[in-house]
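Written out below as structure tokens is the structure these notes cover.
The values are calculated or read from the model by the stated rules, or taken from the named source; none is laboratory data. This is a predicted model, so every value here is computed, not measured. We place every Cβ from the backbone using ideal geometry, glycine too, and count neighbours over all the protein chains shown.
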Amino acid sequence: MSTSKPTGPRSVAILGPYLSGKTTLLESILFATGAVGRKGTQNAGNTVGDSAPEARERGMGTELNVATTTYLGDSLTFLDCPGSIELLQESHNAILGVDAAIVVTEAEADKALTAVPLLKMLGDLGIPRLLFVNKVDRENSDIAGLLDALGAMSDAPLILRQMPLPEGEAVGGYIDLPSRRVFTYQANAASELVEMPSEAGDDFEMARYEMLEKLSDFSDELMEKVLEDVTPEDAEIYANLTQAFGEGQIVPVMLGSAEQDNGVRRLLKFLRHEVPAADVAAGRAGEMGEGIVAQVLKTYHTQHAGKLSISRVWSGTVKDGTTLNGDRVAGLFRMMGHGTEKISEAGPGEVVGFSRLESARTGQVLTDAKEAPELATAPRLSPVFSLAIAAEKRDDEVKLSGALSRLSDEDPALIYEHMDATHELVLRGQGDIHLRVATDRLRHKYGLAVSSRRPRVPYKEAIRKTVQQHGRHKKQSGGHGQFGDVHLTIKPMTRGGGFEFKDSIVGGVVPRQYIPAVESGVKDFLDRGPLGFPVVDVQVELYDGQFHAVDSSEIAFKTAARIAMSEGMPKCDPVLLEPIMHIDVMVPSEFTPRINQVLSGRRGQVLGFDTRPGWPGWDIVSGTIPESEMHDIIVELRSLTQGVASYQAHFERLQELTGRLADQVITAREDEKAA
Ligand SMILES: Nc1nc2c(ncn2[C@@H]2O[C@H](COP(=O)(O)OP(=O)(O)OP(=O)(O)O)[C@@H](O)[C@H]2O)c(=O)[nH]1
Ligand SMILES: [Mg+2]
């Protein structure tokens, strides 16, 4: 078992629930390592992270912040991810390029649940992860409560590395369990080494024993010593801690207060000694192949400097002017939030910004070789919330498409689609905040004002009765007249039947060449039926008609067909059809019974539930729900489950809608037409 410290540049993600203090922790790290001379605060809005206007306006992280610093000669890059559950895609993208992750949580028991999906996401990828319990300066902090709750749900054991020392209602310092050294926190300065307080002795021995006991599950030698009551050497303990952390077997727990800079230097020392070297993460990413290989963790379109792609170099050295995937790197930058420092090259392990890689997308693998190797990529989160958007100025429509394509290069969870059925441009993503941040960016970065509203539901209509209808178009005005005459049978088909046109003309009563015109007149009408919606599941049969040798024409027959349809269709007992979706809701099983209420409250139905594969303690609840009831379902699901529930849905079928709800839909459609 090697105890030598890893070398080379390393990168660490900072993740955690919303507002747990990640950006403050990054600021404190930059302060403690001398990268910034004066510490900014989140409340004053002058931190290195969150400098985008969307972030400052909201007082929350809205995109990845990246900063590189040096601590005692080691280069460390931090990737501070936004905590909002709606911006989770950023964390997925960032962790592809890190050697370890810090999960920052507040010291409260009821904050445990929100950290679980993050720990799981890291655990599934085998990324070494530690928990930083933040805000221990607060009087109501409950470290034990948090760890009890989280320990019960975490797949790897939580191993406390520091025993908190109370000071009044808050924490005033800690005993470092492996080294037995005792520190008291100093406001915005390094902690002070002090003597072991006599009253802490027994608790300390217990806590240290517990640490060793948990750790010994991963080492037979250590297990033997623990069982035989032999105290292992410190070096052996450290070696075991480092190895188990590096292999993702344990989740070490450290404490502190990012705001007071407490516990931050201890954390840095931990990272320096225990985060594996970059080649381990490179091995996780995949087979590298020839030449330079790098991966885009996040690409930004900056307003003044063009495109900047924050990337991790996995192998080879990138220089100014190197061609990657056919684009020339026009400048390399070391990142400090939105600030950058020009550098001349970047080698394995470094996380830097490449300027002007015009075709780069978040997640993309870059190479100077012929073909890029296939490396692990982040899953793209499936959308749970949509808005129909439109440029406020009509002339901006083309510009809007271009800007949206750039935004979705930056953020794969942002999807836009032109919907044929409703003639809307629909933006889809992870929630209202996610989409509002995107429309804010359209305004700030591209000067585009957009309006947004709830997307239309693609209702359809069908008929329930068969009717025979005659339609005649005859005009005699001056010279050439117009004449077309058709007899149609309009007949319902079974659900899903679509549209069928049947020609049963005999004896040429309607000449061959006019029959396609009849079909086209029928189809034109079906675009908007008597209720105002496209008609489906209908068969129209042309069974009789008349023509005139001089006055008949295609247009005359088309018109005759449309007349027959518009007179016949309202007699066919039209009915509204609404789209019904199949939905799978993913929730911790304690919430499973509540999903029934959510769906039935929205005219849906639970069909059954099952355990969620790979997610102990979670269920998938399957059901159906009308699309018109789904718009804000994610809001309700999240508020029931502390934000952790999610869903996937797809179109299942069309179903008749009658009564008051149908009347409302039809009236709204008429109003829209009139407007
Ligand atoms: N008392 C106390 N407050 C803190 C501490 N760290 C952060 N805060 C406060 O917590 C709030 C959120 O801090 P941020 O650093 O923005 O949290 P974040 O996790 O980056 O937030 P998101 O990126 O939006 O998820 C701010 O009001 C901070 O001042 C801490 O150690 N102690
Ligand atoms: Mg933040």
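Within the range 66-83, identify whether any single residue is polar (S, T, N, Q), more than 16 Å from residue 350 (Cβ to Cβ) and either surrounded by 22 or more Cβ atoms within 10 Å (Cβ to Cβ) or within 8 Å of ligand 1 (Cβ to nearest atom) (or both), and answer yes or no. Give the derivation first.
Looking only at the range 66-83, we keep the residues that are polar (S, T, N, Q), and these are 68-70, 75, 77.
Those left that are additionally more than 16 Å from residue 350 (Cβ to Cβ): none.
No, there is no match, as no residue in the range 66-83 is polar (S, T, N, Q), more than 16 Å from residue 350 (Cβ to Cβ) and either surrounded by 22 or more Cβ atoms within 10 Å (Cβ to Cβ) or within 8 Å of ligand 1 (Cβ to nearest atom) (or both).
Would you tally the residues in the range 23-54 being of a type outside the set (A, V, I, L, M) and more than 10 Å from ligand 2 (Cβ to nearest atom)?
The first filter runs over the range 23-54 and keeps only residues of a type outside the set (A, V, I, L, M), leaving 23-24, 27-28, 31, 33-34, 37-43, 45-47, 49-51, 53-54.
Within this subset, residues satisfying the condition of being more than 10 Å from ligand 2 (Cβ to nearest atom) are 28, 31, 33-34, 37-41, 43, 45-46, 51, 53-54.
Qualifying residue count for the region: 15.
Kindly indicate whether residue 475 is in contact with a Pro (Cβ under 9 Å, 6 or more places away or on another chain) and farther than 13 Å from residue 566 by Cα. Talk me through it step by step, then tell me what you get.
Values: in contact with a Pro (Cβ under 9 Å, 6 or more places away or on another chain): no; farther than 13 Å from residue 566 by Cα: yes.
Answer is no for this residue.
Tell me which residues, restricted to the range 14-70, are of a type outside the set (D, E, K, R), outside any loop (DSSP other than H, G, I, E, B), farther than 22 Å from residue 266 by Cβ and more than 20 Å from the chain's Cα centre (by Cα).
First, pick out the residues of the range 14-70 that are of a type outside the set (D, E, K, R): 14-21, 23-26, 28-37, 40-49, 51-53, 55, 59-62, 64-70.
Next cut, outside any loop (DSSP other than H, G, I, E, B) only: 14-15, 23-26, 28-32, 53, 55, 65-70.
Narrowing the set further to residues that are farther than 22 Å from residue 266 by Cβ leaves 53, 55, 65-66.
Across the range 14-70, the qualifying residue is only 53.
Within the range 108-130, can you find the residues that are more than 24 Å from residue 591 (Cβ to Cβ) and of a type in the set (Gly, Ala, Ser)? Talk me through it step by step, then tell me what you get.
Pass one, the range 108-130, residues more than 24 Å from residue 591 (Cβ to Cβ): 125-130.
Of everything in the range 108-130, just one residue is more than 24 Å from residue 591 (Cβ to Cβ) and of a type in the set (Gly, Ala, Ser), namely 126.
Out of all the residues in the range 393-416, is one or more β-branched (Val, Ile, Thr), under 27 Å from the mean Cα position of the chain (by Cα) and not in a helix (DSSP H, G or I)?
Start the filter on the range 393-416 by keeping residues that are β-branched (Val, Ile, Thr), which leaves 398, 415.
With under 27 Å from the mean Cα position of the chain (by Cα) added as a condition, the list becomes 398, 415.
Then keep just the ones that are not in a helix (DSSP H, G or I); that gives 415.
The answer is yes, given that some residue of the range 393-416 is β-branched (Val, Ile, Thr), under 27 Å from the mean Cα position of the chain (by Cα) and not in a helix (DSSP H, G or I).
A quick yes/no check of all residues on (1) touching a residue at least 40 places away in the same chain (Cβ under 8 Å); (2) of a type in the set (Val, Ile, Thr); (3) in the same structural domain as residue 405 (by TED's automatic domain parsing):
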residue: 479; (1), (2), (3): no, no, no
residue: 502; (1), (2), (3): yes, no, no
residue: 506; (1), (2), (3): no, yes, no
residue: 511; (1), (2), (3): yes, no, no
residue: 518; (1), (2), (3): yes, yes, no
residue: 521; (1), (2), (3): yes, no, no
residue: 531; (1), (2), (3): yes, no, no
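In contact with a Gly (Cβ under 7 Å, 6 or more places away or on another chain) and modelled with pLDDT of 95 or more: which single residue out of 267, 241, 215, 271 fits that description? It would help to see each step written out before you state the result.
Working: 241 fails: in contact with a Gly (Cβ under 7 Å, 6 or more places away or on another chain); 215 fails: in contact with a Gly (Cβ under 7 Å, 6 or more places away or on another chain); 271 fails: in contact with a Gly (Cβ under 7 Å, 6 or more places away or on another chain).
From the options 267, 241, 215, 271, the qualifying one is 267.
Got at least one residue in the range 616-635 being among the aromatic types (Phe, Trp, Tyr) and either modelled with pLDDT under 95 or surrounded by 17 or more Cβ atoms within 10 Å (Cβ to Cβ) (or both)? Spell out how you get there, then give the answer.
Within the range 616-635, the subset among the aromatic types (Phe, Trp, Tyr) is 618.
This time we only want the ones that are either modelled with pLDDT under 95 or surrounded by 17 or more Cβ atoms within 10 Å (Cβ to Cβ) (or both), so: 618.
Yes, the range 616-635 contains at least one residue that is among the aromatic types (Phe, Trp, Tyr) and either modelled with pLDDT under 95 or surrounded by 17 or more Cβ atoms within 10 Å (Cβ to Cβ) (or both).
Among the residues of the range 186-205, are any more than 16 Å from ligand 1 (Cβ to nearest atom), surrounded by fewer than 17 Cβ atoms within 10 Å (Cβ to Cβ), assigned by TED's automatic domain parsing to the domain that holds residue 126 and among the aromatic types (Phe, Trp, Tyr)?
no
Within the range 617-653, can you find the residues that are among the β-branched types (Val, Ile, Thr) and either more than 26 Å from residue 496 (Cα to Cα) or part of a helix (DSSP H, G or I) (or both)? Walk me through how you get there before you give the answer.
Of the range 617-653, the ones among the β-branched types (Val, Ile, Thr) are 620-621, 624-625, 633-635, 641, 644.
620, 621, 633, 634, 635, 641, 644 - these are the residues of the range 617-653 that are among the β-branched types (Val, Ile, Thr) and either more than 26 Å from residue 496 (Cα to Cα) or part of a helix (DSSP H, G or I) (or both).
Here are the criteria: (1) in a strand (DSSP E or B); (2) more than 10 Å from ligand 1 (Cβ to nearest atom); (3) not acidic (Asp, Glu). Tell me which single one residue 95 does not satisfy.
For residue 95, the exception is condition (1).
For the range 220-264, give me the residue count where each residue is among the acidic types (Asp, Glu) and either assigned to a loop (DSSP other than H, G, I, E, B) or within 31 Å of the chain's Cα centre (by Cα) (or both). Write out each step before concluding.
The first filter runs over the range 220-264 and keeps only residues among the acidic types (Asp, Glu), leaving 220-221, 224, 228-229, 233-234, 236, 247, 259, 261.
Those left that are additionally either assigned to a loop (DSSP other than H, G, I, E, B) or within 31 Å of the chain's Cα centre (by Cα) (or both): 228-229, 233, 247, 259, 261.
Qualifying residue count, the range 220-264: 6.
Could you list, ordered by first residue, the pairs with Cβ atoms under 6 Å in which the first is in the range 565-580 and farther than 30 Å from residue 650 by Cα and the second is assigned to a strand (DSSP E or B), at least 6 apart or interchain?
As it stands, the answer is 567/469; 568/467; 568/469; 568/490; 571/467; 572/463; 572/467; 572/490, since those pairs meet every condition given.
For the range 25-44, enumerate the residues that are within 10 Å of ligand 1 (Cβ to nearest atom) and either small (Gly, Ala, Ser) or in contact with a Lys or Arg (Cβ under 9 Å, 6 or more places away or on another chain) (or both).
Of the range 25-44, the ones within 10 Å of ligand 1 (Cβ to nearest atom) are 25-28, 41-44.
The answer is 27, 28, 44.
What are the residues in the range 496-516 that are surrounded by 14 or more Cβ atoms within 10 Å (Cβ to Cβ) and not in a strand (DSSP E or B), if any?
Passing the criteria: 505, 509, 510, 514, 515, 516.
What are the pairs, 6+ residues apart or on separate chains, where a residue within the range 47-62 that is free of Cβ contacts under 8 Å to residues at least 40 places away in the same chain has its Cβ under 8 Å from a residue that is basic (Lys, Arg) and within 7 Å of ligand 1 (Cβ to nearest atom)?
That search, which allows pairs on different chains as well, returns 61/22.
Matching residues to (1) more than 12 Å from residue 486 (Cα to Cα); (2) at pLDDT below 95; (3) surrounded by fewer than 18 Cβ atoms within 10 Å (Cβ to Cβ):
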| residue | (1), (2), (3) |
| --- | --- |
| 529 | yes, no, no |
| 537 | yes, no, no |
| 551 | yes, yes, yes |
| 554 | yes, no, yes |
| 560 | no, no, no |
| 576 | yes, no, no |
| 587 | yes, no, no |
| 595 | yes, no, no |
| 598 | yes, no, no |
